[in-house]
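Notes for the one structure printed next.
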Amino acid sequence: MNSKSRLLHIFGPLICAFVLLELVLLYPWTTDIKSEQLLYKASVSCSKNIFKGQEIKQAAFSKEYVPFYGSSELLRMDCCHPSVLAYKYKRDYKPFLLGGPGSQSLTQFFNMQETVQQLQNKKAVYIISPQWFTKQGQNPNAFGLYFSQLQLVNWLLSAKDSIATRYVARRLLSMPKLAINSNVITNYALMMIAAGKKLTPEQLLWFRIRRRMLLNEDNFFTSMFCDDNVDHIKKVSEKLPDKYDPDKLHEVATLEGKLNTNNNPFGIANQFYTKRLNNANLQRLKGAQKAFNYTKSPEYSDLQLVLSEFAKEHVNVLFVIPPVNKKWSDYTGLSSKMYQKTVAKIKQQLISQGFYNIADLSRDGGKPYFMEDTIHLGWNGWLEVDKYVRPLMKQCNIPISYNLKNYYFSKTWANKVNIKHTTKQLTPKKQAQLHIKQALDNAKVRGNVLVIKNNKTFLNYQNSYADYDMKKETLPNSSYLINSTQKVMTAVMLMKQVEKGRLSLSDKLSKFYPQVPSADKISISQLLSMTSGLATRPRAILGTSTFKSNQAGIRYDIRKNIIFSPKLYNKRYYDSFNYVLISGILEKITHKTYEQLFTATFIKPLALKHTAFAWSKPAKMLEIGAVNSYQSLDNVSNPLVKVNIDINQLHGLVGAGNIYMSNADLYKTIRYILQGKIISNQSIKELFNKVNNKNDGSNYMGGFYNFVSFKSCNGYGYGFSNFVRISKDGSNAIIVQTNMPIKGFFALRATMNKLILGLSN
C-alpha cells in the first residue's frame, strides 16, 4: 500500500464523517424542545447552555415566561426567590432566569440577539449590580462562558449602521480571540461594521449558512446538561403560607434568614461563610475594598447597548439596583458614598432616556436578612423586589417608547464622576401614571384624559386645543361630543320607566311603532342589545334634513331609511337607530321630550355643569367649554381642518349621540348609574346582563360592552372619539375624549381594555 493509499485509509473515514456531520447540521432539523415540563426546567436552571441557546428561549418568551436578566444573585433560590413566589402562588407569569457568575450587560446584550422578535412589547426584569462597573468592566473570560457564535451571527445578520453597532463591533474586536472564538471571516466582518460599512452579499450568504448549522446545533444540544432546580423550588415553596400575605411572608423570610445565618456576625448564609470566608480570608479581606471605585467603567457603555435593545423592542423593563451587605462593606471598607455615586450615575442614564421603572434598593443592605451573602439578595430582599415585580406584571403590555442618547456610549460619560443626586426614584404611583400616559401618547391621543382609582382622581390631564386655529388649549372641564357613549344613559332612562311599570323589556316594538318592518317580532330588549335585525340603508342620514321634532324624524326614518334583515335578526348588528327608537318610546310613554327627560334624570340631580345638548345656544356651549373637532386632510399645508357639524344631523341621532359632556361629568354620571343611585341594583343586573370574555360585540347590552370585571363604551363621529372604561362598582375608571385624529380607533379601544385591567389590579 503506497503512502497516498495509507493516508486515504487513515483519514478517509474522518473526512467522510466530517462531511456527513456538516450535511446533518445544514439540514433544517427540528426537535420538540417546547414541552411545558422542559420549558419550566430550563427557566429555573440558570445553565450556561440554556443562556446560549435560542429555540428554548424563543418558545418560552412566546408564552407566559418573563426574562429576568441578572448575574449570580439569580442562583440564590431561597423560599422568597421570584421563581418560588411565582410557583407557589400560581401567578400568570413565570420568571425565566438568565444569568450567572460574571454575566453583565455585554453578555446580556448578546443573549437578547436570539430573542429580538419575542421581546417586542414584552416585559422584563433587569438586575443591574453596581459591582459590574469596575475599571476593567466585563471580564473577558466570564464573557466567553456565555457568548455563543449563534448570538454573534444573529447580530451580524441584523446589524445596521449606527453608533451602537459600531460600538459593538469595536467592543468585540477588543476582546481576546479565545473569548469570542474568532476567525478571519468574522474578524473582517466586525472590522467592516466598525468602519460603518455594509457586509457584502457573499458575507451575508456565508453567515446565513453558518446560522443554519448553529440553529441545528442549538436544537440538538440546548436542553442537554440542564441543571434541574425544579424539585428544590417545590421543596422550599412549602415553607411559604398557602395564601399570599405580605406580613406572613415577611415573618417566614425573617425566620429563614435567622436560621441560615447564625454562624457569623455578618448576616451571611452559613454555607457561604463556611466555604468562602474562613478565618484566614477574613483577616486578609478586612479593609480590602477601600480603594474600590465603580464610577468609572466601560460598563456604562455596555449598559447603553442593553438599553438600546430594550428601546428597539419597546420592552417594559423593571430595573433592580441591589445593595451590598452593609456589615460586610463596613468590614471591607467599601465606600458607601462611592456606591451611591455609582447608583446616581446609573439612574441618571436610565431616567434621562425614559427608563423610569427602577427599584433602587441600594440603601437597604443593612436591613435584617435582606442579603443572603456579601453582595447577593436573599429572603427579605427578594420580597422587596416582589413589591415592584407584581405591579409590573399586572400592567397591560403596551409598546413603550424611549428617548435614547448616544452620549452614553462616550468615554466622557464612562469616566464622569461628578453626578448630582438629582434623579429621584419614581413612586409606584408615578410609574403607573407614566405607563398610562405612555400608552395614550403612543396612540397619538390629543384631548382630555381622566383616570380614577379607588374613587379618587389618579391622573387628569389635557393636551389638545379647544380651538386649533386660535391655539386655544383645552381645560380640565372641557366638553366633547360623547357620541354613542350617550346610549348608556338612554338605556338607563328606559329602565327607569320599566321600574315604574310603564313598559317591559319583553314588550314588542309594534306596541309603539307598528309601522316598523317586522315590529311584532322585535322586543325592547332586542333594541337594547342591537339584535333587532334593523339596519340603516347605506349612505342614509337619520332624521329629516331640517329638524322638526324627534317623532317626525323617526317617522321619516321608518319610511325612508330603515330596513329589516332576517339574516341580522337575533344577531348583534350595531345600528344607532335602535336607540333612536328607544328615545322615541321614552317620549311616547312619558309625554316629555328626550331633552326634558335627560335634564330631569341626569343634569339637574347630579348638578352637571359641563353637559349640554349639541343644539344649545352659543352662550351655553361657551359656558360648558365645548371644543371644536378637527380632521386630517392629505396634501395640504395645514394638516388639520375644523369639522363643520350639521345640527340637523345630530337631531337625527336623538338618544344615540348628540350630547356634549366633560370627563368629570361623564364619570360622575356613569358612576352614579353603576352604584344604583338612578336605577336599582336589580335593574342594573337586568339591563347589563350580557357578560362574557369575548371581544366580538356579543356582550353588548344597554349601551355597554359588559366584561367580567369592567364595562366599556365608545363613541366616534364628527371628529370626536370617546372611550370609557369603568369597573363594575364604578371605583376605577379611564375616560379618554379626543377632538383630533387618533392613530387607530380599534387599536386604542383594545389598549383601553388593557389599561383598565391593569388599573383594577
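Go through 475-483, 127-135, 589-597 and give me the packing order, highest mean Cβ count within 10 Å leading.
Output ranking for 475-483, 127-135, 589-597: 475-483, 127-135, 589-597.
Rounded to the nearest 20, the Cβ-based charge dipole of the chain about its Cα centre (Lys and Arg +1, Asp and Glu -1) stands at 1060 debye. With a ≥ b ≥ c taken as the square roots of the eigenvalues of the C-alpha gyration tensor of region 380-440, please select rounded if a/c is under 1.5 and otherwise prolate if a/b is larger than b/c or oblate if it is not? Oblate shape, in that a/c is at least 1.5 and b/c is the bigger or equal ratio. In sequence order, region 268-278 has phi-based couplings of 9, 3, 3, 5, 4, 5, 5, 7, 9, 10, 6 Hz under the Karplus curve 6.51 cos²θ - 1.76 cosθ + 1.60, θ = phi - 60°, and Gly or Pro positions carry x.
Which value in Å is the Kirkwood Rh of region 617-761 over different Cα pairs?
Every distinct Cα pair counted, the radius reaches 16.9 Å.
Centre-to-centre separation between the Cα atoms of region 147-209 and those of region 472-498: 59 Å. Computed 3J(HN,Hα) for region 45-58, one whole-Hz value per residue from the Karplus formula 6.51 cos²θ - 1.76 cosθ + 1.60 where θ = phi - 60°, is 7, 6, 7, 5, 6, 5, 4, 6, x, 10, 4, 6, 6, 4, glycine and proline marked x. Out of these labelled values of volume of the Cα convex hull per residue in Å³, [x] 166; [y] 181; [z] 228, which was calculated from the coordinates shown here? Comparing each candidate, only [z] matches the computed number.
For a paramagnetic label modelled on TYR569 (point 7 Å from Cα along Cα→Cβ), amide N atoms under 12 Å away belong, within region 501-525, to 517-523.
What you get for region 104-238, charging only the Cβ of Lys and Arg (+1) and of Asp and Glu (-1), is a dipole of about 640 debye around the Cα centre.
Taking the average, over residues, of other Cβ atoms within 10 Å as the packing measure, peptides 429-441, 401-413 rank 429-441, 401-413 from highest down.
The relative contact order of the chain comes to 13 percent, based on Cα pairs under 8 Å that sit 6 or more residues apart.
Check cross-link reach from LYS234 to the aspartates and glutamates: straight Cα distance under 18 Å, and skip same-chain residues fewer than eight apart. Excluding near neighbours in sequence, the set is GLU36, ASP78, ASP92, ASP242, GLU256. Each principal axis of the Cα cloud of region 693-761 was evaluated for its coordinate range; sorted largest first, these ranges are 30, 24, 18 Å. Working ranking of peptides 464-471, 297-304, 254-261 by packing, defined as the average number of other Cβ atoms within 10 Å per residue, highest first, is 297-304, 254-261, 464-471. Looking at the chain alone, DSSP beta bridges between its own residues are antiparallel in about 75 percent of cases.
Quick check on region 498-604: take the gyration tensor over C-alpha atoms, sort the square-rooted eigenvalues as a ≥ b ≥ c, and tell me if it's rounded (a/c under 1.5), prolate or oblate. It comes out oblate by the Cα gyration axes. Put simply, the amide H of VAL66, placed in the peptide plane, has neighbours under 5 Å in LYS94, PHE96, leaving out anything fewer than 5 places away on its chain. Farthest towards the positive end of the charge dipole of region 463-507, among the residues TYR468, MET495, ILE482, is the Cα of MET495, using unit charges on the Cβ of Lys, Arg, Asp and Glu. For the pairs LYS500/LYS567; LYS48/LYS341; LYS326/LYS420; LYS511/LYS609, flag any whose C-alpha to C-alpha distance is greater than 29 Å. In this structure, LYS500/LYS567; LYS48/LYS341; LYS511/LYS609 lie more than 29 Å apart at Cα.
Computed 3J(HN,Hα) for region 90-107, one whole-Hz value per residue from the Karplus formula 6.51 cos²θ - 1.76 cosθ + 1.60 where θ = phi - 60°, is 6, 6, 7, 9, 10, x, 10, 7, 10, x, x, x, x, 7, 10, 4, 5, 4, glycine and proline marked x.
Read-outs: derived from the displayed coordinates by stated rules, not from any lab. Given the structure is predicted, the values throughout are model-derived calculations rather than measurements. Positions of Cβ are generated from backbone atoms using ideal geometry, with glycine treated the same way; all protein chains shown enter the neighbour counts.
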